[in-house]
Amino acid sequence: MARPRVQVQHAVLCPIVRQYGSAPTSDLLGVCYTYTYAPDIEFPRHIPQVDLFTRFFVYSPGFEEYFLRVWRLAADDAGQTRMGSFGPYPVRFTPGTVFVDRPFRMKNVRVEGVGRYAVRLCVKRNRRWRGVRYRILATEFFQVVRSP
């Protein structure tokens, strides 16, 4: 099956996404972009579960494997450190479908300290002479802070 042509319309981080019904309805439970830790907690820590709810707008059907990559962003935007990769998450887009809602679940997301983090929804692209590269389709951010 060919690669689909899709566009990410929404990407939302939350602790859990529930889907139900014949035309799946999604409940985004506890949308959260800040994780707070007590002042005496030592890092690194793990967030037990994070879901990325994604709505795709489908131009042409096909099959694709998606990956989530989590990065810690430097305070001065000078660099980033990869915290982990999750996936592959296979998604099939059937003919006649206009929108597809799909949650992607990450378990035990590593955080190494206070700061900003980016969750990127990606697909792999093979480059013959450069190896495997990822194309970023959507980015969501969250932050880790200490409670006062």
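The values are calculated or read from the model by the stated rules, or taken from the named source; none is laboratory data. Because the structure is predicted, anything quoted here is derived from the model rather than measured. Note that each Cβ is placed from the backbone with ideal geometry, even for glycine, and that neighbours are counted across all protein chains shown. The protein model used for the area step is the full one, side chains on, heavy atoms only, and it has no ligands, DNA or RNA in it. Shrake-Rupley method; radii C 1.70, N 1.55, O 1.52, S 1.80 Å.
For region 111-135, filtered to residues that are at pLDDT 95 or above and under 14 Å from the mean Cα position of the chain (by Cα), the residue that is most open to solvent (accessible area, probe 1.4 Å) is R120. In the condition set (1) part of a strand (DSSP E or B); (2) in contact (Cβ under 8 Å) with a residue 60 or more places away in the chain, G113 is compliant with all but (1).
Being assigned to a strand (DSSP E or B), surrounded by fewer than 17 Cβ atoms within 10 Å (Cβ to Cβ) and among the aliphatic types (A, V, I, L, M) is the filter here, so list the residues in region 98-110 that pass it. Hits for region 98-110: nothing passes. Criterion first (closer than 20 Å to Y33 by Cβ and out of contact with any Cys (no Cβ under 9 Å at 6 or more places or on another chain)) does R72 satisfy it? For R72, the condition - closer than 20 Å to Y33 by Cβ and out of contact with any Cys (no Cβ under 9 Å at 6 or more places or on another chain) - is met. Here are the criteria: (1) farther than 15 Å from E140 by Cα; (2) at pLDDT 95 or above. Tell me which single one D76 does not satisfy. Only one criterion is unmet by D76, namely (2).
When region 1-51 is filtered for residues that are modelled with pLDDT under 90, surrounded by fewer than 12 Cβ atoms within 10 Å (Cβ to Cβ) and either among the β-branched types (V, I, T) or under 14 Å from F141 (Cα atoms) (or both), only T25 remains. If you go through region 52-71 and pick out every residue that is of a type in the set (K, R) and surrounded by 18 or more Cβ atoms within 10 Å (Cβ to Cβ), you end up with 1. Within region 12-43, the only residue that satisfies the criterion of being in contact (Cβ under 8 Å) with a residue 60 or more places away in the chain, small (G, A, S) and not in a strand (DSSP E or B) is A38. Could you list all residues from region 72-87 that are in a strand (DSSP E or B), open to solvent by less than 70 Å² (accessible area, probe 1.4 Å) and farther than 16 Å from H46 by Cβ? Listed by number, the residues that qualify are L73, G87. All conditions but one from (1) without any contact (Cβ under 8 Å) to a residue 60 or more places away in the chain; (2) assigned to a strand (DSSP E or B) apply to V145; the one that does not is (1).
If P95 passes every condition in (1) part of a strand (DSSP E or B); (2) of a type outside the set (S, T, N, Q); (3) open to solvent by 40 Å² or more (accessible area, probe 1.4 Å); (4) under 27 Å from Y20 (Cα atoms) but one, which one does it miss? Failing condition for P95: (1). Would you check if V58 is touching a residue at least 24 places away in the same chain (Cβ under 8 Å), of a type outside the set (F, W, Y) and farther than 16 Å from N108 by Cα? It is true that V58 is touching a residue at least 24 places away in the same chain (Cβ under 8 Å), of a type outside the set (F, W, Y) and farther than 16 Å from N108 by Cα.
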